[in-house]
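Presented below is the structure to which this report refers.
The values are calculated or read from the model by the stated rules, or taken from the named source; none is laboratory data. Source: prediction; values computed, not measured. A quick note on method: Cβ atoms are made from the backbone with ideal geometry, for glycine too, and the neighbour counts reach across all protein chains shown.
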Amino acid sequence: MLFLILFVSAVVTICMVTVWSRPTEAKDPAASEPETSHAAEPESLEGVLVAQLLAGDISTTQYRHAIEGLAARDEDRHPLSVPPDLGPAQA
């Protein structure tokens, strides 16, 4: 019983030291000013659709239909091929 109490105490102490020794994030006064530069532009059609969804320009249903169309187009352009069945594996 004494071993269990000492073990739990050691684990709790290690956890507390680990949490308290984490570096804190310093507040940068320049970061509090409003950002004047624009965010990075999306590089893919999926990124554009996500940006439109988050901005509220399209609904979730419109987003799903657009992604379905992209997946179908990708399937037509790059179909997956299944390797031929060579029979049962020999052990």
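A few remarks follow.
- Residues of segment 54-91 satisfying the condition of being in a helix (DSSP H, G or I) and either charged (D, E, K, R) or at pLDDT below 90 (or both): Arg64, Glu68, Arg73, Asp74, Glu75, Asp76, Arg77
- Residues that are hydroxyl-bearing (Ser, Thr, Tyr) and loosely packed, with under 13 Cβ neighbours inside 10 Å, drawn from segment 47-72: Ser59, Thr60, Thr61
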